[in-house]
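Written below as structure tokens is the structure these notes are about.
The values are calculated or read from the model by the stated rules, or taken from the named source; none is laboratory data. No experiment lies behind these values; they were computed from the predicted model shown. Positions of Cβ are backbone-derived with ideal geometry, glycine not excepted, and every protein chain shown enters the neighbour counts.
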Amino acid sequence: MPPPVILDPTELDFDKLAITREEIQRSNPQRAEFALLDGIVHLDAEREVFAGFHDIHEDDWWTRGHIPGRPLFPGVLMIESAAQLVSYMSRHVLKVEGFLGFAAVDRAKFRGTLVPPARFVVVGRAVQVKKRRVVCETQGFTGDRMIFEAVITGMIV
């Protein structure tokens, strides 16, 4: 049974970006195929809750080899998308100074698959914020279906 939803992805307005891909790239260093955050659509600094997305295309670099004839968005890229969202939010909402690098993933569960074309929506909530470390619960969705959950820990690097 999936956990309670942090933020209902069907209630998000994807026509009103809070943060664009260009703004994300001014902060996050990932580029080319590894820029896995296309926009941020929800920021709630008071509740420390946030949401972003990555659009999955039929010709993405991984589709040729991650399951030929039936491409599935890799779970490791779901984790990376969530980590990039946590990194951006740590600096700009949680006010952690410095670049937050990926340090750990805990309690990861994959509850479904994501087949292109699709939008992968990641929501998160801070559970611990310290000067050099941030821990966030994250969930990933396609439509209204939760397909991923994990606790992401980042450290200042």
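Tabulated values for the structure
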{"quantity": "Residue that is modelled with the highest pLDDT [pool: residues in region 30-40 that are of a type in the set (A, V, I, L, M) and not in a loop (DSSP other than H, G, I, E, B)]", "calculated": "I40"}
{"quantity": "Matching option when the condition is in contact with a strand residue (DSSP E or B) (Cβ under 7 Å, 6 or more places away or on another chain), at pLDDT 95 or above, at positive phi and surrounded by fewer than 18 Cβ atoms within 10 Å (Cβ to Cβ), among R107, R21", "calculated": "R107"}
{"quantity": "Meets criteria (farther than 20 Å from I40 by Cα, in contact with a Ser or Thr (Cβ under 6 Å, 6 or more places away or on another chain) and modelled with pLDDT of 95 or more) for L72", "calculated": "yes"}
{"quantity": "Within region 114-129, considering residues that are touching a residue at least 60 places away in the same chain (Cβ under 8 Å) and β-branched (V, I, T), the one surrounded by the fewest Cβ atoms within 10 Å (Cβ to Cβ)", "calculated": "V129"}
{"quantity": "Considering residues of region 112-135 that are of a type in the set (D, E, K, R) and under 16 Å from the mean Cα position of the chain (by Cα) only, the residue farthest from A51 (Cα to Cα)", "calculated": "R119"}
{"quantity": "Residue match in region 103-124 (condition: in contact with a Gly (Cβ under 8 Å, 6 or more places away or on another chain) and more than 19 Å from D8 (Cα to Cα))", "calculated": "yes"}
{"quantity": "Residue match in region 22-30 (condition: more than 21 Å from E97 (Cα to Cα) and not aromatic (F, W, Y))", "calculated": "no"}
{"quantity": "Residue selected from region 125-150 under the condition touching a Gly at 6+ places or on another chain (Cβ under 8 Å) and of a type in the set (S, T, N, Q), by the criterion farthest from V76 (Cα to Cα)", "calculated": "T142"}
{"quantity": "Hits in region 60-76 - residues which are among the small types (G, A, S) and within 26 Å of I152 (Cα to Cα)", "calculated": "G75"}
{"quantity": "Residue within region 67-74 that is touching an Asp or Glu at 6+ places or on another chain (Cβ under 8 Å), within 19 Å of N28 (Cβ to Cβ), surrounded by 16 or more Cβ atoms within 10 Å (Cβ to Cβ) and in contact (Cβ under 8 Å) with a residue 24 or more places away in the chain present", "calculated": "no"}
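Let's see how each residue does on (1) surrounded by 15 or more Cβ atoms within 10 Å (Cβ to Cβ); (2) part of a strand (DSSP E or B); (3) out of contact with any Asp or Glu (no Cβ under 9 Å at 6 or more places or on another chain):
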residue: P4; (1), (2), (3): no, no, yes
residue: T10; (1), (2), (3): no, no, no
residue: N28; (1), (2), (3): yes, no, yes
residue: H42; (1), (2), (3): yes, yes, no
residue: R47; (1), (2), (3): no, no, yes
residue: F50; (1), (2), (3): yes, yes, no
residue: F53; (1), (2), (3): yes, yes, no
residue: W61; (1), (2), (3): no, no, no
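For (1) of a type in the set (A, V, I, L, M, F, W, C); (2) at pLDDT 95 or above; (3) touching a helix residue (DSSP H, G or I) at 6+ places or on another chain (Cβ under 8 Å), each residue gets a yes or a no:
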{"residue": "L114", "(1), (2), (3)": "yes, yes, yes"}
{"residue": "A118", "(1), (2), (3)": "yes, yes, no"}
{"residue": "V121", "(1), (2), (3)": "yes, yes, yes"}
{"residue": "V127", "(1), (2), (3)": "yes, yes, no"}
{"residue": "K131", "(1), (2), (3)": "no, no, no"}
{"residue": "V135", "(1), (2), (3)": "yes, yes, no"}
{"residue": "Q139", "(1), (2), (3)": "no, yes, no"}
{"residue": "F148", "(1), (2), (3)": "yes, yes, yes"}
{"residue": "I156", "(1), (2), (3)": "yes, no, no"}
